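Structure, as structure tokens:
Values quoted throughout were computed directly from the atomic coordinates according to the rules given, and no laboratory measurement underlies them. Predicted model only: the values in this text are computed from it and were never measured. Here the Cβ positions follow ideal geometry from the backbone for every residue, glycine too, while neighbour counts run over all protein chains shown.
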Amino acid sequence: MAKEKGKLESYDAIIGRIVKDWYERVREHYVTEEDSQDLGVEPELKCFHDFGNHRIKFSRKEELDVTYGLAVEERDGRLLIVASVNNKSQGFDFDGFVERLKSYYWRSRNEKPWTTPSFDHFAYGDLLVFEPRMGKSVSLDMRKEKADIVRLNFEVEAQHEKLLLENAETLRDLIENYCLNPLKRIYAESYREY
């Protein structure tokens with residue numbers, strides 16, 4: 001059990017750093033919680049960190065209300081990276097959004113983005129298992145009176161867990177550029193069209 005806890009702690013540190021760095025990159029463009037007290041307005045940017053679950057919330061009245069999340073969890077002996085986005089907009093085209101996600105992940109799972117010798121032969125899909133179908137790796141949690149949440153579940157390929165943990169920068173790149181960034185981009189495109 002201690003070994004599993006240590007693994008989760010390592011993944012948690014990486015996803016927490018991804019969200020914290022994102023917050024730091026964008027904070028100058030938004031009213032943060034610290035700024036809101038001085039300005040007397042509601043914050044537009046918040047960051048939440050709990051063990052295994054890290055979120056960043058963007059909120060501008062009448063313009064933007066979205067929270068992205070990254071989580072790591074152990075489920076039935078499998079290690080999962082969960083990327084999520086919530087949506088409070090009525091009438092948002094979830095079907096179109098999910099179709100875009102499916103299309104992107106069908107194409108990109110065979111990409112080999114790394115040039116370092118220990119990873120240059122791996123495609124995204126070799127390291128993280130993702131079945132881009134609703135009910136498989138994509139889930140939609142529709143909640144009354146709350147935001148709906150789309151979650152993408154990426155299963156860490158067990159045979160490569162040790163290699164990934166030994167290469168934290170590559171693991172971070174994998175999570176940020178395969179799990180999170182495409183979700184952000186595709187959601188933003190779908191939201192703009194909405």
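Values for this structure:
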{"read-out": "Model label zone, Thr116; criterion: amide N under 19 Å from point 7 Å along Cα-to-beta-carbon; scope the range 164-188", "value": "164-180"}
{"read-out": "Cα→Cβ-extended label distance, 7 Å offset, between Tyr191 and Met142, nm", "value": "2.1 nm"}
{"read-out": "Of Lys57/Lys184; Lys20/Lys61; Lys102/Lys144; Lys20/Lys46; Lys20/Lys102; Lys57/Lys146, those spanning more than 19 Å from alpha-carbon to alpha-carbon", "value": "Lys20/Lys61; Lys102/Lys144; Lys20/Lys102"}
{"read-out": "Helix axis angle, 94-108 relative to the chain longest principal axis, alpha carbon, degrees", "value": "30 degrees"}
{"read-out": "Principal-axis tilt of helix 2-26 within the chain, Cα atoms, nearest 10 degrees", "value": "40 degrees"}
{"read-out": "Linear extension gain, Ile149 paired with Asn177, 0.36 nm per residue minus alpha-carbon span", "value": "8.0 nm"}
{"read-out": "Separation of alpha-carbon centers, the range 15-90 and the range 95-167, rounded to whole Å", "value": "20 Å"}
{"read-out": "Relative contact order (percent, whole number), the range 2-193, Cα cutoff 8 Å, 6+ residue spacing", "value": "19 percent"}
{"read-out": "Label zone at Lys162, where the point sits 7 Å out along the Cα-to-Cβ direction: the range 97-126 residues whose backbone N lies under 17 Å", "value": "118-119"}
{"read-out": "The chain, helix-only ellipticity at 222 nm - DSSP H runs n ≥ 4, -39,500 (n - 2.57), divided by all residues, nearest 500", "value": "-12000 deg cm²/dmol"}
